[in-house]
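Contents: one structure, followed by commentary.
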Amino acid sequence: MKKAVYPGSFDPVTYGHIDVITRAAKMFDVLTVSVLDNKRKQALFSVDERVRMLKEALKDLPNVEVESFSGLLVDYCASKDIHVIIRGLRAITDFEYELQNAQTNRLISNGKVDTVFLTTSLEYAYLSSSAVKEIACFKGDVSPCVPKFVADAVYDKYKDDSRGIL
Ligand code: PNS
């Protein structure tokens, strides 16, 4: 059984994530999409909300499951007997951070966990969850970036103008 994990913050899920997930799901028997429960980083959506949005966005992909994790990614991989991490590379600006994470994860897992990079489709090369939040915060149109139900959820978070989280 070929398994992989696609970890991330997904605050919120974008078409860029969905593109990478759809393509990775074709390469593995089971793909686990896992939301990092990061107590040190303030997010717009709770982990439960992010998991729920991902499940809705990915409901037509039968071999994709959605979970959350905390702590080290390599420990989570070990607990699920997963040896492959999927990450998307958008532009050269992602490269250094991703290379560092990939090398470190391989090192601290004693070579058991490797990272496979998928280049994002060109139309999503500059798309990010942060950009979606910033556009929505100023009432811009996020429909090219996220599914409608995600857009509605983001606008809803900013509707009283009191949320400063981008
Ligand atoms: O969507 P993001 O925020 O770019 O995802 C980053 C993520 C979740 C992949 C990364 O922060 C992570 O794996 N965090 C878990 C903690 C960990 O294992 N850190 C060591 C990596 S060097």
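Each reported figure results from applying straightforward, stated rules to the coordinates on display, with no laboratory input. What you are looking at is a predicted structure, and each value in this text was computed from that prediction instead of being measured. When we count neighbours, we look across all protein chains shown, and the Cβ atoms used for this are built from the backbone with ideal geometry, even at glycine.
Using only Cα atoms, find the angle between the long axis of helix 15-25 and the longest principal axis of the chain, and express it within 0 to 90 degrees, rounded to the nearest 10.
30
Which of F45, F138 has the fewest other C-beta atoms within 10 Å, and how do the rest follow up to the most?
F138, F45
Can you compute the FRET efficiency between K139 and A91 using 1/(1 + (r/R0)^6), with r the Cβ-Cβ distance and R0 = 41 Å? Round to the nearest 0.05.
0.95
Taking a ≥ b ≥ c as the square roots of the eigenvalues of the Cα gyration tensor of region 1-86, is the shape rounded (a/c under 1.5), prolate (a/b larger than b/c) or oblate? Walk me through the numbers before you get to the answer.
Working: a/c = 2.04, a/b = 1.16, b/c = 1.76.
Judged from the Cα gyration tensor, region 1-86 comes out oblate (a/c at least 1.5, b/c at or above a/b).
Under a Cβ-only charge scheme (Lys and Arg +1, Asp and Glu -1), can you give me the dipole magnitude of the chain about the Cα centre, in debye to the nearest 20?
Rounded to the nearest 20 debye, it is 200 debye.
Based on the alpha carbon coordinates of the chain, what radius of gyration and maximum Cα-Cα distance (Dmax) apply, in Å?
Spelled out, the Cα radius of gyration and Dmax of the chain are 15.7, 48 Å.
Any chance you could run the full-extension gain for K55 through F117? It's 0.36 nm times the residue separation minus the Cα-Cα distance, nm to one decimal.
The span from K55 to F117 would gain 20.1 nm if fully extended.
Can you give the extra length, in nm with one decimal, that the chain gains between A131 and I108 once fully stretched, where that is 0.36 nm per residue apart less the Cα-Cα distance?
5.1 nm
If a/c stays under 1.5 just call it rounded; otherwise compare a/b with b/c (prolate if a/b is bigger, oblate if not). Do that for region 89-165, with a ≥ b ≥ c from the square roots of the Cα gyration tensor eigenvalues.
Prolate shape, in that a/c is at least 1.5 and a/b is the bigger ratio.
Identify, among H83, G16, V33, the residue whose Cα sits farthest towards the positive end of the charge dipole of region 3-125, taking +1 on the Cβ of Lys and Arg and -1 on the Cβ of Asp and Glu, with the dipole about the Cα centre.
The residue sitting most towards the positive pole is H83.
Using only the alpha-carbon atoms, what does region 44-132 span along each of its principal axes? Please give whole angstrom values in decreasing order.
Computed over the Cα atoms, the extents are 35, 31, 26 Å.
FRET efficiency for R23 and L99, Cβ-Cβ distance as r, R0 = 25 Å, nearest 0.05?
0.75
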